[in-house]
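The values are calculated or read from the model by the stated rules, or taken from the named source; none is laboratory data. On a predicted model such as this, the values are computed, not experimentally measured, just so you know. When we count neighbours, we look across all protein chains shown, and the Cβ atoms used for this are built from the backbone with ideal geometry, even at glycine. Each accessible area value is taken on the protein alone, full model and side chains, heavy atoms only, with ligands, DNA and RNA left out. Shrake-Rupley method; radii C 1.70, N 1.55, O 1.52, S 1.80 Å.
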Amino acid sequence: MHEAWLGMMLWALSLWSGLAVAEGYRMRPRQLRALREALVRMETEIVYGRTALEEIFRRLAAGTSGPLAGFFAEVAEAIAGGTDDLAPAFRQAVERHFPRAHLGREEQAAVSALAEVLGRTDVASQIRHLRLALSALEALEARAREEEARYGRLARAFGFLFGLFLLVLFL
Amino acid sequence: MAGFGASTKEPTSETVGLRAMVRSRLLPALPPAIGRALEALSAAGLPEEIRLRAGRPVEVVAGERAGFLTPDGRLGAATDGAVRVSADDVRRTFAILTRHSVYALEEEIRRGYVTLAGGIRVGVAGEAVVEGGRVLRLRSIGSLNIRLPRPVVGAGEMLLPYVLENNRLLSTILVGPPRGGKTTVLRDLVRLLSAGSDRFRLQGRRVSVIDERSEIAAAVDGVPSFDVGPRTDVLDGTPKAEGIVMAVRALGPEVVAVDELGGEADLAAVRTALSAGVVVLATVHGDRPEALRTRPAFRPLVEAGLFERWIVLRRQAGGVGVQAVYDGALRVLWSAREGSRKGASAVRGGAVTG
């Protein structure tokens, strides 16, 4: 009898793990898309509004949700706090918030590349660097969508089936 | 002629505001050692200019005092023992002053200076990226010349007798050397004309300030950092000639104020304004009154006879004073040099009539 209960619990655990992995695959392209949209908005603010960086990050924080909003808000806070070097604060915010948005090392590298540039140069150069980051994120997003289609369902199915296997083993 | 000077020494609400602004905006932007030394120095009087040069000692001008800043807040001629700044210090200071948004100030940096909230002006020098003989941008900033605004209280009152004739406002040019306080005087005159004054039985007038270099009103996000009066519109960053025409066409001003009048286009715009019945107040660079006649740059201005008053300003102990006043044909109405001899009668016969 105990074995049956244990088997049921292991099955549920395996199922949940599968769903969690699948959720990661599902969320990553969405977060990437939100991130890209935010960077496009940033470009617009820089080119047409000449908006100060702090204000841009505040607006982006208000216009996004979840971990990305936290990331933008943290950078805005760093500027408001009077930091004399934005780059480390920016990179720290990337490392803190991106994993929570299921964004991996490559995404972090693409955005962290902006740390040394953002706000430090003229408009033309800001655009160039933002476009570079955007095209990198675009490629990552395409791959993330592929992976979602390929592995997302697989992870769910694998979690279910492996759990079932354990259940059968214990019964 | 004690009454003709305007003092910067009195502790007024404006200097108190400036002190607070320096503490809240400027000192946090500077490396801590410089901030501390400046704080010590400011006890005896606010600095006017702070020059940061990468790898060299900090130079400060504060009233009549000038020199290299020591850690305990004194100014000396010796570079040894003075506070020094590194290239990184300059970069960091510039980053904070520009709020990490250099792109937003691109045009201004290309022109060589940026205007910040509170009227702080930062002149920049560095390595230029040039394309087709034109400065495209500055790649690295090596020097910052931070200039704090000097409130000159009473400067407007000082000039009022010269620019009013039978309660009619006269189109006037203020002449002075660079750093001679022209802009400050113009700003205070604008404030006074815009606000009006019971004491002088002066009715407030609608004023348009064409502030191409953001020096007169130092507007940040459309809000003037300086008090330029309640009836004043500021055309911030607008080129002078274009701005004058825009203001006359759209804002219906009684007075247009513009800094550092220069080329033919500016003069044409001034003519447009005058023919529309608008009074023009302007400034030009000049050091000596004689220069008005001899310097080629002034000739078209004088010959055009557009202005009814020329007032030459000079720096004097603790403020700005009037050197001489001329009418439109450059006849002396009053002069400080002759003031003691025949000044009184000249004033009576000239400017001070209404």
Per residue, what accessible area does the protein assembly as shown have, given a 1.4 Å probe and all protein chains present, in Å²?
47
Under a Cβ-only charge scheme (Lys and Arg +1, Asp and Glu -1), can you give me the dipole magnitude of region A:129-171 about the Cα centre, in debye to the nearest 20?
60
Could you work out how far helix B:240-250 tilts from the main Cα principal axis of chain B, as a 0 to 90 degree angle to the nearest 10?
60
Would you compute, from DSSP H runs of 4+ residues alone, the mean residue ellipticity of chain A at 222 nm, taking -39500 (n - 2.57) per run and dividing by the full residue count, rounded to the nearest 500?
-26500 deg cm²/dmol
Quote the charge dipole size of region A:2-170 about the Cα centre in Debye, to the nearest 20; the model charges only the Cβ of Lys and Arg (+1) and of Asp and Glu (-1).
480
For the protein assembly as shown, give the percent of accessible area contributed by carbon and sulfur heavy atoms, probe 1.4 Å, rounded to a whole number.
55
Hey, what do the phi angles of region A:85-97 turn into as Karplus ³J(HN,Hα) couplings, whole Hz, using 6.51/-1.76/1.60 and θ = phi - 60°, x for Gly and Pro?
9, 6, 4, x, 5, 5, 5, 4, 5, 4, 5, 6, 9
Which listed residue (B:Gly76, A:Gly119, A:Leu134) has the Cα farthest towards the positive end of the charge dipole for the protein assembly as shown, taking +1 on Lys and Arg C-beta and -1 on Asp and Glu C-beta about the Cα centre?
B:Gly76
Between A:Glu77 and A:Arg50, what is the label-point separation in nm under the 7 Å Cα-to-beta-carbon projection?
3.1
Spacing of the two label points (7 Å from each Cα toward its C-beta) at A:Phe160 and B:Arg249, in nm:
7.0
If N is the number of residues in the protein assembly as shown, what value comes out of its Cα radius of gyration divided by 2.2 N^0.38 Å?
1.32
Take the alpha carbon atoms of region B:204-245, find their center, do the same for region A:28-95, and report the distance between the two centers in whole angstrom.
33
Out of residues 5 or more away from B:Ser140 or on other chains, whose amide H comes under 5 Å of its own, with H placed 1.01 Å from N in the peptide plane?
B:Glu127
The alpha-carbon pair-distance distribution computed for chain A, with 5 angstrom bins and whole-percent values, is 1, 9, 15, 17, 15, 10, 8, 7, 6, 5, 3, 2, 1, 0, 0
Helix B:87-97: angle to the longest alpha-carbon principal axis of chain B, degrees 0 to 90, nearest 10?
50
Longest exposed-loop-site-free stretch of chain B, with GluC sites (Glu not before Pro), DSSP loop and at most 14 other Cβ within 10 Å?
B:65-289
Kindly identify residues of region A:24-59 having a loss of at least 50 Å² in accessible area between the isolated chain and the assembly of all protein chains, probe radius 1.4 Å.
A:Arg50
What residues of region B:75-112 lose no less than 10 Å² of accessible area with every protein chain in place versus their chain by itself (probe 1.4 Å, heavy atoms only)?
B:Arg91, B:Arg92, B:Ile96, B:Arg99, B:His100, B:Ser101, B:Val102, B:Tyr103, B:Ala104, B:Glu106
Normalise the Debye intensity by I(0) for chain B, one equal point scatterer per Cα, no solvent, then take log10 at q = 0.15 Å⁻¹ and round to two decimals.
-1.32
Longest site-free stretch - chain B; sites: trypsin sites (Lys or Arg not before Pro), DSSP loop, at most 11 other Cβ within 10 Å:
B:1-198
Most positive-pole-ward Cα, A:Val40, A:Phe162, A:Met9, against dipole of chain A from beta carbon charges
A:Phe162
Counting Lys and Arg as +1 and Asp and Glu as -1, each charge on the Cβ, what is the dipole of the protein assembly as shown about the Cα centre in debye, to the nearest 20?
800
With a 1.4 Å probe, what is the total accessible area buried between chains A and B, in Å² rounded to the nearest 100?
1500
Over chain B, the sum of -39500 (n - 2.57) across DSSP H runs of at least four, divided by residue number and rounded to 500 deg cm²/dmol, gives at 222 nm -8000 deg cm²/dmol
Once both axes come from the Cα atoms, what is the angle between helix B:32-42 and the longest principal axis of chain B, in degrees from 0 to 90, rounded to 10?
40
For the protein assembly as shown, what is the percent of antiparallel DSSP beta bridges, rounded to the nearest 5?
70
At 7 Å along the Cα-to-beta-carbon direction for both A:Arg33 and A:Ala109, put a label point, then send me their distance in nm to one decimal.
2.6
Taking H placed 1.01 Å from N in the peptide plane, check which residues at least 5 places from B:Leu313 or on another chain put their amide H under 5 Å from its amide H.
B:Val175, B:Gly176, B:Gln323
